[in-house]
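The next block holds one structure in the form of structure tokens; read it before the comments.
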Amino acid sequence: MTHVRPELGFRTRAAAPDRRGPRSGHIRLPRVSIWFAPLFALCLPARAFAHAAGMATESCGCHSGGKAPTVLLTPDLTSVSTGQTVNLTISVSTTNGNAAGFFLEASTGKLGIVDSGTKPLGDGVTHNATRTGTGSAIIFKVGWTAPATPGGVDFRVWANSANGNRAQSGDGEGTGSYSMAFGCSGSKFYLDGDADGVGSASSGYTVACSLPANYSVKDGDCADNDPRVFPGNLEICDGRDNNCDGQVDEGLELATFCADADGDGHGVLGRATVIGCTDAEGFGLCDNDCNDSDPLVFPGATESCNNKDDNCNNQVDENARPTCGLGWCGRIAADCSSACNPGPPMAELCNNYDDDCDGVNDNGTDLQLCGSTGLVCRGGSCVAGSGGSAGGANSTADAGFTSNAGSVGNVQTPDEPEGSAGACRFARRRASTPLAAGACLALSALLYRRRRRPKEFSTSYFRGRPCRDSYRRVGFF
């Protein structure tokens, strides 16, 4: 004989009397409790979606085979004050049949019972028994009281549209939600899952008095799980629609990339190529990697002391071997493993160089630097002047220098012999003696007369004499 238990929604067969009689110490359990214990254990941990007895689960998959119903949640008031109670209407479409159940939660406030066919369940409200009806939807009602402080509330409902066959087959599950503010006019804010400043209504939204955490006032993010993608972002070459305009890498300059065997971003000309705004996997710049099997060797790499041409400039370990010493003593080690030994110092000379390896150029007296009295060290060169100053770089300028055009300073030029300084020359501040001046004038007069008789007297007579070069500079030759 078969009996129907409406409160559970399952068919059971009546137990036959025990013909063997009662046994002491034994208790007979109904077969139905043993058959369906695994099913209840599977569905109990979650919540929402109802069996006939009000066992709520959050889409445990117990009901399947049907279509998802339309689930609507609407309040009887759209403007709610703090502490005020409103009634919520839950509508479940009769998509799969004329039976339905539900489970409702609220993010804040207090849910209450206003429908005799409902009951509290945890922090939410569900149905007492599967509700049947006629028409396009099954209706439930739940009360809700707003908190004393202004804010926003999110309602979420899970529902099941059943075909009433007392089995799980042919049923469908659906969800619905509603958000509203209380104690203020409220604004809509969009869930911003990737924290890029732009949310997405498809990800979720809420209505509140002020911006909550993890939400944005902006909607329209086309990839709310990628912070590199949102409306108004700069388009870059990364294979993504960075600005959510429906195009990928638009407006970017294209380039040709060459096959890169070692993955260091530098390829080799003459091999396979691709064209794009960035190099694809296995391709790199076409700058001729000189060793495409070593990812540490490529044009522009930092040269290391490893006996390899790291930067592809046809030199090995340049500027990478150990160095030591200052100035003239500076040396470079023979290789990466050899010790570097400074060279021997020299006597400091006037050459704008550190000959004695003390870190200072041309330090010493003018006599030490130039090796002769009457010379001073200026800018790495010895010139005529008052010698004996301490330090070529800081010596006092020679009085023979002049800035007047056409005059000749008492300066030793490179083509003068070292001992000819001051011999038979005209200087503004360092005048010759009267005897020397007279001798030079007499020679001048004699040369002038001989120039008119070149066959009888030759200027070759004075070649090599100390006065010749001086006179040439003032225009006698």
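The values are calculated or read from the model by the stated rules, or taken from the named source; none is laboratory data. Nothing here was measured: the structure is a model prediction, and the numbers come from that model. Note that we place each Cβ from the backbone using ideal geometry, even for glycine, and neighbour counts take in every protein chain shown.
Taking (1) assigned to a strand (DSSP E or B); (2) touching a residue at least 24 places away in the same chain (Cβ under 8 Å); (3) surrounded by fewer than 19 Cβ atoms within 10 Å (Cβ to Cβ) in turn, G152 satisfies each apart from (3).
Quick check on F257: is it of a type outside the set (S, T, Y) and part of a strand (DSSP E or B)? Criteria met by F257. Answer yes or no as to whether D249 is among the acidic types (D, E), under 26 Å from the mean Cα position of the chain (by Cα) and on the phi < 0 side of the Ramachandran plot. Spelling it out, it is not the case that D249 is among the acidic types (D, E), under 26 Å from the mean Cα position of the chain (by Cα) and on the phi < 0 side of the Ramachandran plot. Can you tell me which residue is farthest from H266 (Cα to Cα) among those in the stretch 287-303 that are acidic (D, E) and out of contact with any Cys (no Cβ under 9 Å at 6 or more places or on another chain)? It comes out as E303.
Each row is one residue, and each column tells you yes or no for (1) assigned by TED's automatic domain parsing to the domain that holds R166; (2) crowded, with 21+ Cβ neighbours inside 10 Å; (3) assigned to a loop (DSSP other than H, G, I, E, B); (4) at pLDDT 95 or above.
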residue	(1), (2), (3), (4)
L72	yes, no, no, yes
V86	yes, no, no, yes
I90	yes, yes, no, yes
G135	yes, no, yes, no
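Counting only residues that are of a type in the set (D, E) and surrounded by fewer than 17 Cβ atoms within 10 Å (Cβ to Cβ), the stretch 230-270 holds 4 of them.
Rundown of residues vs (1) touching a residue at least 24 places away in the same chain (Cβ under 8 Å); (2) in a strand (DSSP E or B), yes/no style:
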| residue | (1), (2) |
| --- | --- |
| D171 | yes, yes |
| G174 | yes, yes |
| A181 | yes, yes |
| C184 | yes, no |
| F189 | yes, yes |
| A195 | yes, no |
| V198 | yes, no |
| A201 | no, no |
| S210 | no, no |
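Checking each residue in the stretch 327-351 for being surrounded by 15 or more Cβ atoms within 10 Å (Cβ to Cβ) and among the hydrophobic types (A, V, I, L, M, F, W, C) picks out W328, C329, I332, A333, L349, C350.
Of the residues making up the stretch 137-149, those that are more than 43 Å from the chain's Cα centre (by Cα) and either farther than 28 Å from K110 by Cβ or not in a strand (DSSP E or B) (or both) are A146, P147, A148.
Can you tell me which residue in the stretch 213-246 is nearest to A272 (Cα to Cα), limited to those that are basic (K, R) and under 20 Å from the mean Cα position of the chain (by Cα)? Among them, the one singled out is R240.
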